[in-house]
Amino acid sequence: MQAKTSNRTCSATRAIRCFSCLLWLGCSLLSLGAGAVLPQQVTYCVDPDWLPYEAIVDGRHVGISADYIRYLQRQTGIEFVLLPTESWSQTLTVLQQGECQLTPMLNHSSEREQYLVFSDVYFRSPNVLVSLREQPFLQSLDNIGERSLAVPEGYRLLEYLAMHYPKIPIVLVQSEADGLTAVASGRADLFIGSLYSINALIQQQALYQMKIAGWVGLEDELRLGVITELESIIPVLEQALAELSDAERIQIYRKWTQIEIIDQTNYRLIWQVTAAALGIILLLLLWNYRSSYFNRKLQEKNQQLKQTQARLEQAVNKLQFLSSHDPLTKAYNRNHFDQSMQKQRRQPNSDDAFSLIVLDIDHFKQINDQHGHLVGDQVLQELASELMQQVRDGDQVTRWGGEEFVILCQKTSLSEAKVLAGRIRHSISQQLFAGSVQLSCSFGLAEQGAKEPLMACFERADKALYQAKAEGRDRICLAKSSVAALT
């Protein structure tokens, strides 16, 4: 009797399990037929200190990824709610624990793939090496040797270095700002990070004793990352990103790579003038334009509007200028130089020679120490003005960083560039700069070889500059030809 009862109980249990399986299978088929349902709300987290890409300022999400999040919210109808964190390491931790469901801008790695699903790449950025100015140009990770390298905790770069460069001494830091500080204080020889964020930090913290010391082959390929439970929203987010035009992407990039020119007061003034103009138009319609009082007010507001439009046009022109020029010296900036490097290539059998002049102020640190940084800035401004007066039409003067400048000489052979450098050197020696400072500069020259990338030509000119400094400064040194450099 007990055996029969036990058999009946087992049969009932099996029946319940079978029914549950059938019910789950039916629900799965229904969900596949009807399509995945998007969540109404998604919690996301970011790197709190990674401008211009993303950051948390006064509890608000700002940066490039913030504009992309706002765009995705408009396109998909999903409400994205920020979960603030204190560091990138904490952001990765809450993602692993499922407290945060999405992060908008990170690189793919095999370790992160264990708890995240990634979208396609939607933003790319080069990685670079940064060192103090007296360090040589290393070009790549292969030439680091025994130098120590600062890397932020939680960065995908750690996994890459462990796999491909396990012998490089690593110094872990909390953020990119901490990494630059480690190099400035001597805790590390080099720092590796994103070009755009490093440029912003050097400008903000006035770390002009630093320079770009090399280019890292690994490029930041930034994507959306969501926890595996929300994998179904990836196609929806990718579709929304695909509909974002190139003009809108460029607008977001320019907005956050020129942070210093954002002026909220201008936007507030626009809203004030617009609201006032609408109010006046409404009153004029109600009173049928019969009141001289309202006519007088209309004329005043029209004048204000014209003044506002003139100021906006000036702001737009300033934005266009600052996107390609150094704000202190008004020479071209490194972004403009990088674009020139990508486009400029000497064609074989062409008579159009192209040369680079790299110059550096001798003992500039002593000027800052003896006269102060204000005089130092004035000296840089006056030198840049002198360089732009001495060069010819078609030549480009770029402030490479700190007290170093680069002159791109179109249709110029190495001998012609030497004549130009000599004229500049003589002109500098004949005048006094701010604070009665008399300058001297060291020069490195190189002519671009056939099919030689401009970056390789720059490296040869930079080596010639260091040779000029090593030989006593205040002199001009010519780089070896591109063929000799290869051999």
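Restricting to segment 440-459, and then to whatever is touching a residue at least 60 places away in the same chain (Cβ under 8 Å) and part of a helix (DSSP H, G or I), can you tell me which residue is surrounded by the fewest Cβ atoms within 10 Å (Cβ to Cβ)?
Among those residues, the one meeting the criterion is MET455.
So, TYR53, is that one out of contact with any Lys or Arg (no Cβ under 9 Å at 6 or more places or on another chain) and surrounded by fewer than 19 Cβ atoms within 10 Å (Cβ to Cβ) or not?
So TYR53 fails the test.
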Do we find that SER415 is of a type in the set (S, T, N, Q), buried (at least 21 other Cβ atoms within 10 Å of the Cβ) and more than 27 Å from the chain's Cα centre (by Cα) in this structure?
-> no
Of all helices (runs of 4 or more DSSP H) completely enclosed by segment 61-173, which ones contain at least 1 residues that are in contact with an Asp or Glu (Cβ under 8 Å, 6 or more places away or on another chain), over 29 Å from ILE250 (Cβ atoms) and among the basic types (Lys, Arg)?
-> none
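Quick check on my filter: what residues within segment 460-471 are surrounded by fewer than 20 Cβ atoms within 10 Å (Cβ to Cβ) and in contact (Cβ under 8 Å) with a residue 24 or more places away in the chain?
Listed by number, the residues that qualify are LYS463, TYR466, LYS469.
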For SER65, are the conditions met, namely being small (Gly, Ala, Ser), under 16 Å from SER194 (Cβ atoms) and out of contact with any helix residue (DSSP H, G or I) (no Cβ under 9 Å at 6 or more places or on another chain)?
-> yes
Matching residues in segment 199-215 - criterion: being among the hydrophobic types (A, V, I, L, M, F, W, C) and more than 15 Å from the chain's Cα centre (by Cα) | ALA206, LEU207, MET210, ALA213
Do we find a residue being under 32 Å from the mean Cα position of the chain (by Cα), in a loop (DSSP other than H, G, I, E, B) and over 15 Å from LEU359 (Cα atoms) anywhere in segment 423-439?
-> no
Residue match in segment 227-239 (condition: in contact (Cβ under 8 Å) with a residue 60 or more places away in the chain, part of a strand (DSSP E or B) and out of contact with any Cys (no Cβ under 7 Å at 6 or more places or on another chain)) | yes
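Please tell me if PHE443 is at pLDDT 95 or above, in the same structural domain as SER355 (by TED's automatic domain parsing) and aromatic (Phe, Trp, Tyr).
The answer is yes for PHE443.
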With (1) in the same structural domain as ILE270 (by TED's automatic domain parsing); (2) at pLDDT 85 or above as the list, and LEU328 as the residue in question, which single condition is left unmet?
-> (1)
In a strand (DSSP E or B), under 26 Å from VAL62 (Cβ atoms) and modelled with pLDDT of 80 or more, is that true of LEU224?
-> yes
Check segment 97-114 and report whether any residue there is surrounded by fewer than 14 Cβ atoms within 10 Å (Cβ to Cβ), among the small types (Gly, Ala, Ser) and under 21 Å from ILE56 (Cβ atoms).
-> yes
Verdict on GLU403 being in contact with a strand residue (DSSP E or B) (Cβ under 9 Å, 6 or more places away or on another chain) and closer than 30 Å to GLY372 by Cβ = yes
Inspect segment 322-342 for any residue being closer than 30 Å to GLN272 by Cβ and assigned to a helix (DSSP H, G or I) and give the result as yes or no.
-> yes
Do any residues in segment 364-381 that are assigned by TED's automatic domain parsing to the domain that holds GLN438 have Cβ atoms under 6 Å from those of residues that are assigned to a helix (DSSP H, G or I) and surrounded by fewer than 16 Cβ atoms within 10 Å (Cβ to Cβ), where the two are at least six apart or on different chains, and which pairs are they?
-> HIS371/GLY435; VAL375/GLY435
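The values are calculated or read from the model by the stated rules, or taken from the named source; none is laboratory data. Predicted, not measured: the structure shown is a model, and the values here were computed from it. As a convention, Cβ positions derive from the backbone with ideal geometry for all residues, glycine included, and neighbour counts pool all protein chains shown.
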